[in-house]
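Novice: Here it is: the structure, laid out below.
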Amino acid sequence: MRLSLCVAASLFSVAIASVASAQTVTPTVNCKDAAGGRANVVYVTGSSALKPFLASLAPLLAADSGSYSIIYQSQGSCTGVNNIFSTNDDVNTGSRIIKDIAGAKPNYPVFFKADGTTQECWADQALGANFPTGPYPYVDVGASDVYASSCGIADPGGGIVITDFHGPIQPMTFVVPSNSTQKSISAEAGYLAFGTGGYTTPGIPWSDPTYFFVRNASSGTQQMIARAIGVPATQFFGIDRGGSGAVQSGVKIIVDPATAEKTIGILSVDLADAERSNLRILAFQAKDQTCAYLPDSTINSRDKINVRDGHYPIWGPVHLYGRTTGGLPNAGATALLTRFTIPKIDSTLIDAVSSKGLVPLCAMRVNRSQEMGPFVSFQPQFGCGCYFDLKANGATSCKSCKTTSDCPNAAPACNYGYCEVQ
């Protein structure tokens with residue numbers, strides 16, 4: 001299937017370009033440990049794709065007055081949502097807890113250090129590392145790539161109030177090894193590959209599901225891409241690789257040209273961007289489009305312009321679910337969540353988000369209110385598109401400013417050192 005590739009409205013040719021991988025190292029320390037500098041913690045579970053994003057937040061929270069540490073267990077977006085929505089409150093076996101998972105497929109929590117690196121730890125707070133059997137702490141924040149409704153999870157009722165705090169915009173992508181000649185994929189080709197295994201379409205390069213690097217129905221990445229290509233997330237052809245990290249590492253090591261040609265995977269853009277020298281992000285053509293778009297304006301840029309203006313459609317906000325009382329989450333969740341709810345987010349947060357390939361809402365020009373729903377024109381209350389361009393690409397065409405008096409009528413607001421519309 002031959003596709004045209006687009007950048008904004010221009011043609012161009014591209015030359016080259018779950019649970020996340022389970023934490024299997026047996027812990028030697030407790031997650032919450034005052035002596036280890038982790039007296040204040042926020043427990044986060046859910047999307048494996050968000051680990052790089054959380055790593056970028058960890059230094060910011062560590063520098064706050066409360067000096068909070070993020071304790072994270074990657075379990076897939078829908079599991080993270082369920083950890084907040086569930087009414088099973090048992091401190092050992094309930095669905096609301098963050099728990100050490102041992103056995104044949106161990107998955108221990110990790111704590112983020114101030115430099116963003118991680119170390120495995122025991123979630124059990126009462127008995128210590130020698131007796132990892134509980135009781136376990138409750139999850140503060142459920143991190144998801146998708147809306148709770150996409151996971152089939154509804155509000156629990158009974159007076160329980162859950163708030164969906166939106167973080168930055170996260171695109172999802174199709175990726176192939178760098179030795180593949182494939183440059184784009186249409187929604188139709190995606191359906192034929194992941195919906196039929198490619199068996200029914202002679203000539204399609206992706207015709208052997210053995211080389212499909214996919215996730216599972218609990219994965220937000222798979223849930224979102226499923227809607228883009230019209231294949232139920234529960235019915236994807238391919239092999240569940242156990243996590244986004246395994247998809248990333250598995251696709252990038254395939255160097256044989258013949259094998260690379262029939263290999264395809266699905267990844268969030270932060271993980272795909274981190275391996276641009278070893279992976280190629282495919283441009284995507286939606287059902288109502290005449291050509292395919294990359295998330296960025298070119299293969300070498302990181303401006304996410306086609307996400308920001310609605311040409312690249314596979315994206316949604318990072319969902320950070322928390323239980324609230326009087327509109328406020330608990331202290332640990334507040335340390336993390338309030339960073340995204342104020343009209344003017346801190347520039348250090350924009351720096352952290354842009355470094356991972358995500359887009360702060362203040363840099364968007366379109367928005368949507370449902371999973372893969374229609375776009376609506378969007379003007380952020382306190383725009384940061386110019387500053388985002390600078391951080392993501394190293395340059396911006398916007399006029400610099402110190403005060404509003406430096407700005408023209410067309411862009412009268414001086415935000416983050418640049419003139420914005422609002």
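Novice: Residues in the stretch 66-103 that are part of a strand (DSSP E or B) and in contact with a Pro (Cβ under 7 Å, 6 or more places away or on another chain): how many?
Specialist: Qualifying residue count for the region: 4.
Novice: Out of the stretch 200-217, which residues are surrounded by fewer than 24 Cβ atoms within 10 Å (Cβ to Cβ), of a type outside the set (A, V, I, L, M, F, W, C) and farther than 21 Å from K183 by Cα?
Specialist: T200, N216
Novice: So, one more: If the requirement is being among the β-branched types (V, I, T) and within 22 Å of S150 (Cβ to Cβ), which of these qualifies: V307, V353?
Specialist: Within the list V307, V353, the selection yields V307.
Novice: Note down all Cβ pairs under 6 Å where the first residue falls in the stretch 402-422 and is closer than 12 Å to G385 by Cα, the second is among the hydroxyl-bearing types (S, T, Y) and at pLDDT below 95, and they're at least six residues apart or on different chains.
Specialist: Within 6 Å, the pairs are Y416/S347.
Novice: A follow-up question, please. Filter the stretch 246-273 down to the residues that are touching a Gly at 6+ places or on another chain (Cβ under 7 Å) and hydrophobic (A, V, I, L, M, F, W, C), then identify the one that is surrounded by the most Cβ atoms within 10 Å (Cβ to Cβ).
Specialist: So the residue we want is V247.
Novice: Output the residues belonging to the stretch 310-350 that are surrounded by 17 or more Cβ atoms within 10 Å (Cβ to Cβ) and charged (D, E, K, R).
Specialist: Passing the criteria: R323, R339.
Novice: Take the stretch 152-165 and flag every residue that is loosely packed, with under 15 Cβ neighbours inside 10 Å and in a strand (DSSP E or B).
Specialist: Scanning the stretch 152-165 gives no hits.
Novice: Kindly list the number of the only condition in (1) out of contact with any strand residue (DSSP E or B) (no Cβ under 8 Å at 6 or more places or on another chain); (2) assigned to a helix (DSSP H, G or I); (3) over 30 Å from D351 (Cα atoms) that fails for I204.
Specialist: Condition not satisfied by I204: (2).
Novice: Now for a separate question. Here's a check for you: in the stretch 357-393, which residue that is in a loop (DSSP other than H, G, I, E, B) and either surrounded by 22 or more Cβ atoms within 10 Å (Cβ to Cβ) or β-branched (V, I, T) (or both) is farthest from the chain's Cα centre (by Cα)?
Specialist: Among those residues, the one meeting the criterion is G383.
Novice: If I filter the stretch 23-50 down to residues being at pLDDT below 85 and surrounded by 20 or more Cβ atoms within 10 Å (Cβ to Cβ), which single residue comes out as nearest to I266 (Cα to Cα)?
Specialist: Top of the filtered list is A49.
Novice: For Y138, work out the one condition from (1) among the hydroxyl-bearing types (S, T, Y); (2) closer than 14 Å to Y43 by Cα; (3) modelled with pLDDT under 90 it doesn't fulfil.
Specialist: Every listed condition holds for Y138 apart from (3).
Novice: Which residues, counting only those in the stretch 347-393, are closer than 27 Å to G116 by Cα and among the aliphatic types (A, V, I, L, M)?
Specialist: Once the filter is applied, which keeps residues that are closer than 27 Å to G116 by Cα and among the aliphatic types (A, V, I, L, M), the stretch 347-393 yields L349, I350, A352, V353, L358, V359, L361, A363, M364, L390, A392.
Novice: For the stretch 104-134, name all the residues that are part of a loop (DSSP other than H, G, I, E, B), crowded, with 22+ Cβ neighbours inside 10 Å and modelled with pLDDT of 85 or more.
Specialist: Those that are part of a loop (DSSP other than H, G, I, E, B), crowded, with 22+ Cβ neighbours inside 10 Å and modelled with pLDDT of 85 or more: Y108, P109, C121, A123.
Novice: Turning to a different aspect of this structure: Quick check: anything in the stretch 399-406 of a type outside the set (K, R) and in contact with a Leu (Cβ under 6 Å, 6 or more places away or on another chain)?
Specialist: Scanning the stretch 399-406, I find no residue that is of a type outside the set (K, R) and in contact with a Leu (Cβ under 6 Å, 6 or more places away or on another chain), so the answer is no.
Novice: Let me ask something else. Consider the stretch 185-218. How many of its residues are closer than 19 Å to S244 by Cα and of a type in the set (V, I, T)?
Specialist: Matching residues across the stretch 185-218 total 2.
The values are calculated or read from the model by the stated rules, or taken from the named source; none is laboratory data. Just so it is clear, the structure is predicted and the values come from calculations on it, not from any experiment. Because the Cβ atoms are built from the backbone with ideal geometry, glycine has one as well, and the counts that use them run over all protein chains shown.
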